[in-house]
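Reviewing the structure listed below.
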Amino acid sequence: MGSHTITSRTPGVFYHRPSPDADPYVTEGASVSEGDTVGLVEVMKTFHEVKADAAGTVSKFLVENEDEVTIGQDLVELET
Amino acid sequence: MSIRVQDPGLETTVQDTGRLGYYSIGFPPSGALDSFAYHVGNALVGNEPGAAGLEAVYLGPTLEFTVDTVIAVTGADIPAFVDGQEIPLWESVAVSAGSVLSFGQLRGGARPYIAVAGGVDVPLYYGSRSTYTLVGIGGFEGRALRAGDELAIGSDARDPRAGRRVDASDVPVHPSTAEVHLLVGLHSYRLTEDSLARFTDTEWKVTPDANRVGYRFRGAELEFVPREQPFGAGSDPANVTDCGYPVGSVQVPGGVEPIVLLQDAVTGGGYATLGTVVSVDRDRLAQTKTGDRTRFVPVDLDGALEVRKDRLGALDRIRSALA
């Protein structure tokens, strides 16, 4: 078992859910495939989907919902 | 003779020097936010000044060229690749028909510019090829690029040639705290003396609301001098009677979160203007990103003209060296 960290490709505000009333894209313990959406980053009034760039199990979120993030910041840790 | 968009990036638009001359009827100029990077890109690929190029932000696009041509990437510090091989920035590079330009993760700055020999050939709209996305005019169908778009390349390149290179000492650096010069006024008298000093002493943080329309900052609260509001001004102490907003002007609605208006912004309104960022320093602002810091360094009119003269002089010198 290895681990992989999904990082942010843009600066902005991180969201766990597609909209305030919706369920989170993924929760800790969920398994994801490469290309699955795991969150959103809002910048310039647009939303950019954060995609898993590896398959695995979500072991930890490294940022809180609505945290401001920078380019390259660690967002989600996967067990691969 | 075209560029096929495989992936548009976050928001990639066709831009040139801008749609000048219509400000008085409410048309902002649009055009490349980092004018230096845009002009140098054209000089590198051997275009006449004013040829249209592409402006991206944070995420570079993935583009396929259907013809042998010459390109240059300037502006932000971002790894750029042709067919997977990294290419130098601030240098003209030959690409073959079928080649694909792609980008890695941004290292510094915010906006890469892509110049292509002959320019991006979209219809002129009111004298410019710049995209003004808010009302959907100019550029490619009035909008940011999408996957599958095919952009025509112009045929009037003056002297396309690979291997032209900008001297390393002329390549702008992108510090985490950008300094931009501010000509104080028109309504700086509306701020208390303390608040005006606080404005220029504060390292302001760029918020996620930072795009071609304007940049919003966070970092301090500012207070206005109490007064009975004049006829025609709103009740917010940040309000004045409506006036024209210079491009680059700074407003502070509610005394928090100052906004610098950029090339796609509204042309007038009723917020007190504390000052205006010197035009050539909008280039620096355009290369700051959400989370970066910015300081506004006050200058008087002579100082502002000097900054502009120096920067335009440097651009002329670089153009001559590349000719």
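The values are calculated or read from the model by the stated rules, or taken from the named source; none is laboratory data. Keep in mind that what you see is a predicted model, and the values were worked out from it rather than measured. Cβ: placed from backbone, ideal geometry, glycine included. Neighbour counts: every protein chain shown.
Assorted remarks:
- Matching residues in the stretch A:4-59 - criterion: being more than 10 Å from the chain's Cα centre (by Cα), over 22 Å from B:GLY108 (Cα atoms) and among the charged types (D, E, K, R): A:ASP21, A:ASP23, A:GLU28, A:GLU34, A:ASP53
- Wholly within chain A, strands (runs of 3 or more DSSP E) carrying at least 1 residues that are buried (at least 18 other Cβ atoms within 10 Å of the Cβ) and within 14 Å of chain B (Cβ to nearest Cβ): A:3-7, A:12-15, A:37-43, A:46-51, A:74-79
- Look at (1) over 17 Å from B:LEU191 (Cβ atoms); (2) free of Cβ contacts under 8 Å to residues at least 60 places away in the same chain; (3) among the polar types (S, T, N, Q) and you find that B:GLN229 fails only one, number (1).
- Members of the stretch B:112-144 that are outside any loop (DSSP other than H, G, I, E, B) and either out of contact with any Lys or Arg (no Cβ under 9 Å at 6 or more places or on another chain) or of a type in the set (Asp, Glu) (or both): B:PRO112, B:TYR113, B:ILE114, B:ALA115, B:VAL116
- Selection of the stretch B:220-253 for residues being in contact with a Leu (Cβ under 8 Å, 6 or more places away or on another chain) and either assigned to a strand (DSSP E or B) or of a type in the set (Lys, Arg) (or both) yields B:PHE224, B:CYS243, B:SER249, B:VAL250, B:GLN251.
- Any hit, the stretch B:152-159, residues being part of a loop (DSSP other than H, G, I, E, B), at pLDDT 95 or above and farther than 26 Å from B:ARG317 by Cβ: yes
- Qualifying residue in the stretch B:17-38 (condition: out of contact with any Cys (no Cβ under 8 Å at 6 or more places or on another chain), part of a strand (DSSP E or B) and charged (D, E, K, R)): no
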